[in-house]
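A.B. asks: Encoded as structure tokens, here's the structure I'll be asking about.
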Amino acid sequence: MSRTERPERLSIRDEAGRERTLAAGKDAFAVSGQGTEPFFLGLGPDPAVAAACLPPGREAAYLECPAFAAAMPPLWQAAIPTQFQALAPEDLTPGRIARSRFYLYRQNLRLFPSFWGALWARIQLALLPAPPARPDGAGPVLLVRTAGGLLEPELARGLTALGRTVTALPAENTVTVLREILARETPALFLCVNGAGLDADGLCPALLAAAGVRLAVWFVDNPFHVLGRFRAPFWKKAHLFVTDDWFVPKLRELGADSVHHLPLAASRHFFTARPASDPAGQALFVGRSAFPGRDAFFAGCQPPEPLLETARTMLAHGERPDFGWWAHQLGSPRLWPGKAVRRVGCGAEMAGLSWRSACLAALAETLPLALYGDAGWRELLPAARLHGPVEYYAGLAALYAGAAVTVNLTSLLLPHGLSQRHFDVWAAGGMLLSDATPGLHLFPDALTRPMTFRHPDEIADRARDLAGNARLRAELTAGWRELIAGEHTYERRLARLLDVVLGADHS
């Protein structure tokens with residue numbers, strides 16, 4: 001195919017339906033492998049360029065994605081050198097891999113990851129030393145650890161308490177580290193929080209699947225905000241766990257095979273908390289005015305102002321314009337793939353900030369309010385006594401134990417959400433006052449009814465009642481603490497996760 005017979009740069013639609021311009025030239029191919037027989041993993045937009053990677057007339061084998069081939073112009077097929085042999089995926093045997101020198105058209109892994117990811121992983125695994133044989137499910141749990149991650153240390157402790165060996169993985173360069181591990185052993189499970197360590201093109205999940213390692217993703221935030229960064233649909237075959245059960249049917253509708261509700265739980269160190277002298281006698285709120293990188297994440301996603309006004313009116317009347325409400329109002333945009341879902345999330349986030357600000361302002365008018373968070377609160381709540389952020393594993397438990405009442409305001413990004421405060425405050429022996437999130441259905445009504453409110457104008461009276469009624473406070477704290485300790489620890493959550501993922505292999 002000569003340059004005069006085709007455009008300089010062809011473009012096709014990728015697996016997700018997005019238009020992609022195809023790279024040209026020899027540099028579009030990555031060379032790897034330990035053998036000598038040329039093997040092309042995709043020929044790219046010009047088979048003549050692929051042939052030019054080899055000495056003239058050199059024989060070679062190739063595999064092509066059917067969707068890619070179908071998108072090429074008629075002259076593409078005619079330009080394939082006659083000495084090139086077409087193979088099928090089943091021809092990619094360990095013997096063929098061992099004697100091949102691979103030429104991978106680099107864009108393939110992004111264009112059609114469902115086709116190429118599994119083949120790439122098969123090659124990678126075949127080139128590694130075979131690890132010692134172990135009973136299925138007996139290997140370690142690979143736990144991705146992020147810098148500053150709050151939940152992962154608790155998960156590591158819980159897994160260890162359940163008798164599992166835990167191997168920590170970094171959230172960066174995970175594929176490289178994973179290859180090194182797979183050369184030594186076969187893990188039982190790869191576990192990550194909010195998709196940490198998983199690449200957009202699904203190479204890490206493909207490698208796990210090829211090695212027979214199960215993948216579990218625990219979403220503690222809105223899962224669609226996480227899934228938006230993945231181009232490949234690998235997550236549909238993973239074991240997905242969500243802290244908010246609202247998302248279970250939504251994920252299943254998109255094709256997820258294994259979705260389970262797994263709420264947050266109490267961290268063990270809160271059960272040994274000693275009350276801090278400050279903020280004794282005060283109402284306490286601990287939280288950020290915005291999640292890190294919020295403005296960049298929602299850039300260009302501003303919702304219509306009339307909808308925001310409607311949302312604020314709903315909040316004043318005890319209604320919740322949550323993520324589901326915003327999705328409906330904005331015409332139910334596609335939740336995956338792509339980033340259209342961020343406009344939905346932006347609306348819920350902005351409404352949530354209005355909710356938090358209105359409730360805390362109402363509380364600060366009648367009770368001393370100690371607020372631990374970022375500087376963004378200074379402008380939003382000038383009447384509050386603002387402290388800096390507090391460390392989760394350092395001073396937070398003592399604050400919960402010592403406060404007259406700790407306020408929880410659930411994110412509207414999670415329609416049925418709960419926060420760590422719903423578990424940790426009670427474990428610390430504190431008193432929680434929460435908005436009436438539907439997620440409270442997890443607990444007995446007799447315990448949730450006295451500590452919830454629906455309107456901003458209810459919060460101050462409810463806080464005074466809880467702080468001033470010693471008998472009610474003692475009864476609620478004792479009941480909640482017993483419930484949390486018996487049913488809502490991370491050991492119990494992880495035991496269920498292992499049962500779901502490993503089944504009979506879990507012991």
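The values are calculated or read from the model by the stated rules, or taken from the named source; none is laboratory data. All values reported here derive from a predicted model rather than from experimental measurement. Please note: Cβ atoms are built from the backbone with ideal geometry, for glycine as well, and neighbour counts cover all protein chains shown. Surface accessibility is based on the protein's heavy atoms, side chains included, excluding ligands, DNA and RNA. Shrake-Rupley method; radii C 1.70, N 1.55, O 1.52, S 1.80 Å.
A.B. asks: Against the condition open to solvent by less than 30 Å² (accessible area, probe 1.4 Å), farther than 17 Å from A211 by Cβ and modelled with pLDDT of 95 or more, how does L155 come out, does it pass?
C.D. replies: Yes.
A.B. asks: Shifting gears a bit: Applying the selection to segment 279-307, what residues are open to solvent by 50 Å² or more (accessible area, probe 1.4 Å), under 21 Å from L330 (Cβ atoms) and of a type in the set (A, V, I, L, M, F, W, C)?
C.D. replies: F291, A296, A299
A.B. asks: Being in contact with a strand residue (DSSP E or B) (Cβ under 9 Å, 6 or more places away or on another chain), in contact (Cβ under 8 Å) with a residue 40 or more places away in the chain, in a loop (DSSP other than H, G, I, E, B) and not acidic (D, E) is the requirement here; does R164 meet it?
C.D. replies: Spelling it out, R164 is indeed in contact with a strand residue (DSSP E or B) (Cβ under 9 Å, 6 or more places away or on another chain), in contact (Cβ under 8 Å) with a residue 40 or more places away in the chain, in a loop (DSSP other than H, G, I, E, B) and not acidic (D, E).
Results for (1) over 16 Å from A290 (Cβ atoms); (2) within 27 Å of the chain's Cα centre (by Cα); (3) modelled with pLDDT of 90 or more, shown as yes or no for each residue.
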{"position": "G338", "(1), (2), (3)": "yes, yes, no"}
{"position": "A361", "(1), (2), (3)": "yes, no, yes"}
{"position": "G376", "(1), (2), (3)": "no, yes, no"}
{"position": "A383", "(1), (2), (3)": "yes, no, no"}
{"position": "P389", "(1), (2), (3)": "no, yes, no"}
{"position": "L396", "(1), (2), (3)": "yes, yes, yes"}
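A.B. asks: Scan segment 204-217 residue by residue and report those that are open to solvent by less than 30 Å² (accessible area, probe 1.4 Å) and either closer than 19 Å to P337 by Cα or among the small types (G, A, S) (or both).
C.D. replies: Correct list: C204, P205, A206, A211, A216, V217.
A.B. asks: If you don't mind, another one. Output the helices (runs of 4 or more DSSP H) that fall wholly within segment 222-322 and possess 2 or more residues being among the basic types (K, R), or say none.
C.D. replies: 247-253
A.B. asks: Mind listing just one residue for me: the one in segment 401-416 that is assigned to a strand (DSSP E or B) and hydrophobic (A, V, I, L, M, F, W, C) and, of those, nearest to T452 (Cα to Cα)?
C.D. replies: Only one residue fits best here, namely V407.
A.B. asks: Take segment 477-490 and flag every residue that is in contact with a helix residue (DSSP H, G or I) (Cβ under 6 Å, 6 or more places away or on another chain) and open to solvent by less than 40 Å² (accessible area, probe 1.4 Å).
C.D. replies: Residues satisfying the conditions are G479, W480, I484, H488, Y490.
A.B. asks: Moving on to the next point. Need the failing condition index for E180 against (1) acidic (D, E); (2) in a loop (DSSP other than H, G, I, E, B); (3) surrounded by fewer than 20 Cβ atoms within 10 Å (Cβ to Cβ), just the number.
C.D. replies: Here E180 meets the rest and fails (2).
A.B. asks: Collect the residues in segment 136-189 that are closer than 23 Å to Q420 by Cα and polar (S, T, N, Q), keeping them in residue-number order.
C.D. replies: T146, T160
A.B. asks: Would you pick out the residues in segment 35-75 that are open to solvent by 30 Å² or more (accessible area, probe 1.4 Å) and in contact with a strand residue (DSSP E or B) (Cβ under 8 Å, 6 or more places away or on another chain)?
C.D. replies: Across segment 35-75, the qualifying residues are T36, E37, C53, R58, E59, A71.
A.B. asks: Restricted to segment 167-177, and to residues that are part of a loop (DSSP other than H, G, I, E, B) and either open to solvent by 50 Å² or more (accessible area, probe 1.4 Å) or acidic (D, E) (or both), which residue is farthest from Y490 (Cα to Cα)?
C.D. replies: Among those residues, the one meeting the criterion is N173.
A.B. asks: Please pick out the residue among F453, F443 that is among the hydrophobic types (A, V, I, L, M, F, W, C) and open to solvent by 10 Å² or more (accessible area, probe 1.4 Å).
C.D. replies: Being among the hydrophobic types (A, V, I, L, M, F, W, C) and open to solvent by 10 Å² or more (accessible area, probe 1.4 Å) holds for just one of F453, F443, which is F443.
A.B. asks: Out of all the residues in segment 421-439, is one or more assigned to a helix (DSSP H, G or I), touching an Asp or Glu at 6+ places or on another chain (Cβ under 6 Å) and within 27 Å of Y393 (Cα to Cα)?
C.D. replies: Taking every residue of segment 421-439 in turn, none turns out to be assigned to a helix (DSSP H, G or I), touching an Asp or Glu at 6+ places or on another chain (Cβ under 6 Å) and within 27 Å of Y393 (Cα to Cα).
A.B. asks: Pull up segment 183-194, narrow it to residues that are touching a helix residue (DSSP H, G or I) at 6+ places or on another chain (Cβ under 8 Å), in a loop (DSSP other than H, G, I, E, B) and in contact (Cβ under 8 Å) with a residue 40 or more places away in the chain, then point me to the one that is most open to solvent (accessible area, probe 1.4 Å).
C.D. replies: Here the residue is T186.
A.B. asks: Sticking with this one: All but one of (1) open to solvent by 10 Å² or more (accessible area, probe 1.4 Å); (2) at pLDDT below 95 hold for P438, so report the exception by its number.
C.D. replies: Looking at each condition in turn, P438 falls short on (2).
A.B. asks: Kindly evaluate R229 against the criterion of being closer than 25 Å to L264 by Cβ, free of Cβ contacts under 8 Å to residues at least 12 places away in the same chain and open to solvent by 10 Å² or more (accessible area, probe 1.4 Å).
C.D. replies: So R229 does not fit the description; no.
A.B. asks: Okay, next question. Only residues that are under 16 Å from H317 (Cα atoms), open to solvent by less than 40 Å² (accessible area, probe 1.4 Å) and of a type outside the set (K, R): list them for segment 354-370, please.
C.D. replies: S354, W355, S357, C359, A362
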